[in-house]
């Protein structure tokens, strides 16, 4: 199809679309040169609002024209396919640019209008803030119930909408904070894009005119779209600047409206509950009269209904209170979110100034941390809600069951029918109220979960920044002069008098708690001497070499805890009462807080002191050396008598919540003194010759701990010194947090050590029990063999290798304790881990989707988490079989081979789980490595196919069990017991105690003999040859008697004696009989041979031996006539004694 001048339809349409565009801007080349000479906007300063100019209309084609051009080009068959594709691609880019330009114009106009109206809207919002909120309530407490419900529903819907709007404003505020940095960068990028587009060279003249025009059209559209986006970005930045004060004002107005509605809704709920209660009472009373007038049959059937209806009013009241509590929770939650946004912005602003957070912001964060809601209380509240849901659902179940009974039954008379209908109506209404109650409970439970997440998020924000904030000025010499003020505050008469009066009045004000606390202290002190004697007795029982019970150790642990309890309880009781009941007095509350902290510090010290006492757990149960226990006793004495008093006065001066600046001079001195004493004690304990670790260092001289002890010891000692210097430098909060978490760390390691002692004690007892059981079993086997008159030569048995299992279990116990220490360290240092958030900023490699989108980033924290997972996997794989054998498998009726298969497969399972867990932490998913695994599988299949074949064969051996550990097998002429089945090969121990390593593939594909696969019974053949001329019947009878009288005979399998053949020199007989196990095979053959030899001698049956007759046909002449000079030799004497013929 052709148009004028013989051109194609596409070319004509292109000229129709592009020609006005070219004519509107002049000739093609001059317009391009003019655009290249247009000055670009210089890069803007992000701090200066950009001038906004409206987008000038251009002579670009319309979207509909370009779409029509694309369709026509696709349908034109006279254009070459390559040129057609190129044209369509350029037109589609042009269409996309035109759409972008249209959207940019729309957004620019919208933001321009918002910019112009910002001041007017701000004035309106501020005016509304000055006025009280009018909720336009049309009801009161005497209004009808339906009207009050409708008004409550209206306010709840309005409240939900306001909260949604407030959340949207908060998100918009965050978005605008991000725009402050992103929009200037976008403007610079758009200016660079326009610059690059305007400086592009003209299309190649060798291209067809249609392609050149399409390229030029795409370029012009792209420039117009970029200019549109540039003006939009500038207008958006101007809009944000104009509404800088409007957004916070709108948030404040919404918060005020929400608070007003939340204040009214509880009143409406109470009005509804009061009217509903009156209605319920009236309804239930009416039913009570109907129930009384009904027949005895109906009363017996509905006997539970009146009691069920008594709960109706309480359910309605609980639903109203739960709804009110839910509204209060949402109000607190909203306030927390707003406070979080405010604090986060304050922190970011302070950090943007450089130099870290200021002391004022740090003090604010500290106060916010103290004021955060208790997460444990919220968890407890959620549990209460869950219990209430269960109770409500139980009530609902009773109602539904009763309604089903009502549907199935009919009243016998009019009174019964009236009572039944009234009961049905009441239960239906009650069921709806129960459903409403459950809905409120579930909604509040979900809100609590989200509330807890936001609290944790707030805590992470505070913990991330608070640890590195200076909370006081550095200690100076001038602060020494203020020590007098602190001392006077400590010994102030008024404070001491009030403290004495309160302590004296405690029994009168809190009689039950005081009496219970005093009685407990007195009982513990009275029992102290008896507990010491019992502890010594249990120690003697546990240290006996034949002790085989854990009961003495558990009792000693109980006595130790009771001995350590009195002194900490003596301090914790008054401290708790003072801290919780006298919050109005700073001095009394500080004393109570100091007593509780001191008790917290003292309790572990007292427990450890009782553990290492003479005759205690450490010496008699855990077998700790005396050289280790003695330094610990000395160190504990000094810690209790010097460090704990310093801690008490230190916490007393710093107070429970607010730190008094004028008292810091003495409190920091006391803290530093305590840390110095701890350093001295640490230096004493770490002495390589006389310290607590001296014995360990001597036993492990080649270990890395011993080799680097010169480094570890100074570091351990300098750590408390560093904390003291940190406190003197003004980082009081940081030093306090670190010292208490370090203290918890020390005690976590100490508890792990004690648990290790208990575990090793249990292992020793278990090892003794297993050894005793094996000794009894071997004794029983020897007794049974002695009764049968047989013995056994064995290489392996079902006995457990106690030493190997003990070593494996010890390693696994150490691994479990290591995990316990890691979890304890996480619990101790978890709250300050957000301060190490920089680890998440160290990105190692990205994880991308198939389209190249980055899904997640693997950071340094992921790597540090994967390392312990891998280490723990290796430890578990190596040592889990021992623990599994000791704890579980030994108690099950399983054979040794089955136990071995279970432990081996469990090791493979643990290894797989560990590898998968580490891979997931590192961001390695199956979808991202499956092609690599497939490629490696093909490559390794050629190079390592034998290893893979052996591995798969080993798994088949463990599952199918054609051979098992302990089986007697014959392979390639070698016989022995299967000792181990490993991943690649199996170990077989032959009779000479030589170990043969057989690849697993050979055991699957080859032929072998398993003597004990399904039945251990086997047959032996004893061959006997007698001389020619012997009585064959007598020989068979004697052999049959011998084998019948032998003790090792399998019932049901008769022995067989056969005359096999006429041999060269003997008459050959064979004896075939069965023995129960291979163990007695050689012994049975030996005893049969001995018995056959003895009986044949008694029966005069000659056992023949090979004979050969020599016949001489030709005698040499010299043998016939010997020389006379030589004496003739005497003729040989035959065996029968007769002379030769």
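Has region 463-471 got at least one residue that is over 30 Å from the mean Cα position of the chain (by Cα), over 22 Å from residue 341 (Cβ atoms) and surrounded by 13 or more Cβ atoms within 10 Å (Cβ to Cβ)? Within region 463-471 (the criterion being over 30 Å from the mean Cα position of the chain (by Cα), over 22 Å from residue 341 (Cβ atoms) and surrounded by 13 or more Cβ atoms within 10 Å (Cβ to Cβ)), the answer is yes, since at least one residue qualifies.
Of the residues making up region 981-1040, just one is assigned to a strand (DSSP E or B) and free of Cβ contacts under 8 Å to residues at least 12 places away in the same chain, namely 987. Being modelled with pLDDT of 90 or more and more than 30 Å from residue 437 (Cβ to Cβ) is the requirement here; does residue 238 meet it? Judged against the criteria, residue 238 is a match. The residue list 948, 910, 959 contains one member that is farther than 30 Å from residue 1082 by Cα and modelled with pLDDT of 75 or more, which is 910. Taking residue 449 as the residue in question, decide whether it is part of a helix (DSSP H, G or I), farther than 24 Å from residue 361 by Cβ and in contact (Cβ under 8 Å) with a residue 60 or more places away in the chain. So residue 449 passes the test.
The set of residues in region 1054-1101 being more than 17 Å from residue 1016 (Cα to Cα), touching a residue at least 60 places away in the same chain (Cβ under 8 Å) and out of contact with any helix residue (DSSP H, G or I) (no Cβ under 9 Å at 6 or more places or on another chain) consists of 1087, 1089.
The set of residues from region 981-1016 being modelled with pLDDT of 80 or more and under 30 Å from residue 1068 (Cβ atoms) comprises just one member, 1009. For region 667-698, the set of residues classified as more than 27 Å from residue 651 (Cα to Cα) and part of a helix (DSSP H, G or I) consists of 694, 695, 696, 697, 698, listed by residue number. Just one of the listed residues (113, 178) is loosely packed, with under 13 Cβ neighbours inside 10 Å, out of contact with any strand residue (DSSP E or B) (no Cβ under 9 Å at 6 or more places or on another chain) and modelled with pLDDT of 90 or more, and it is 113. Any residue at all in region 686-702 that is at pLDDT 90 or above, surrounded by 14 or more Cβ atoms within 10 Å (Cβ to Cβ) and within 37 Å of the chain's Cα centre (by Cα)? There is no residue in region 686-702 that is at pLDDT 90 or above, surrounded by 14 or more Cβ atoms within 10 Å (Cβ to Cβ) and within 37 Å of the chain's Cα centre (by Cα). A single entry from 505, 585, 548 fulfils the requirement of being touching a residue at least 60 places away in the same chain (Cβ under 8 Å), farther than 30 Å from residue 669 by Cβ and either surrounded by fewer than 14 Cβ atoms within 10 Å (Cβ to Cβ) or in contact with a helix residue (DSSP H, G or I) (Cβ under 7 Å, 6 or more places away or on another chain) (or both): 548.
Of all the listed residues (373, 306), the sole one being within 30 Å of residue 468 (Cβ to Cβ) and at pLDDT 85 or above is 373.
Can you confirm whether residue 558 is exposed (fewer than 15 other Cβ atoms within 10 Å of the Cβ), within 16 Å of residue 608 (Cα to Cα) and either free of Cβ contacts under 8 Å to residues at least 60 places away in the same chain or not assigned by TED's automatic domain parsing to the domain that holds residue 596 (or both)? Considered against the rule, which asks whether it is exposed (fewer than 15 other Cβ atoms within 10 Å of the Cβ), within 16 Å of residue 608 (Cα to Cα) and either free of Cβ contacts under 8 Å to residues at least 60 places away in the same chain or not assigned by TED's automatic domain parsing to the domain that holds residue 596 (or both), residue 558 comes out as yes. Being in a helix (DSSP H, G or I) and closer than 30 Å to residue 400 by Cα is not true of residue 248.
If you go through region 593-632 and keep only what is farther than 19 Å from residue 643 by Cβ and in a helix (DSSP H, G or I), you end up with 617, 618, 619, 620, 621, 626, 627, 628, 629, 630.
The criterion of being surrounded by fewer than 15 Cβ atoms within 10 Å (Cβ to Cβ), modelled with pLDDT of 85 or more and more than 60 Å from the chain's Cα centre (by Cα) does not hold for residue 1091. A single entry from 412, 406 fulfils the requirement of being over 24 Å from residue 174 (Cα atoms), at pLDDT below 85 and outside any helix (DSSP H, G or I): 412. Scanning region 346-383 for residues that are assigned to a helix (DSSP H, G or I), surrounded by 12 or more Cβ atoms within 10 Å (Cβ to Cβ) and under 27 Å from the mean Cα position of the chain (by Cα) yields 369, 375, 378, 379, 381, 382. Within the option set 421, 332, being at pLDDT 85 or above and closer than 24 Å to residue 283 by Cβ holds for one residue only, 421.
Cβ separations smaller than 9 Å between residues 6+ apart or across chains give the following pairs from region 760-787 residues that are under 15 Å from residue 1079 (Cβ atoms) to residues that are part of a helix (DSSP H, G or I) and at pLDDT 75 or above: 785/1080. The one condition from (1) assigned to a helix (DSSP H, G or I); (2) buried (at least 18 other Cβ atoms within 10 Å of the Cβ); (3) at pLDDT 85 or above that residue 664 does not meet is (3). Among all residues of region 57-77, there is at least one that is assigned by TED's automatic domain parsing to the domain that holds residue 221, modelled with pLDDT under 50 and surrounded by 11 or more Cβ atoms within 10 Å (Cβ to Cβ).
The values are calculated or read from the model by the stated rules, or taken from the named source; none is laboratory data. Every value quoted in this text rests on a predicted model; they were computed, and no experiment measured them. Please note: Cβ atoms are built from the backbone with ideal geometry, for glycine as well, and neighbour counts cover all protein chains shown.
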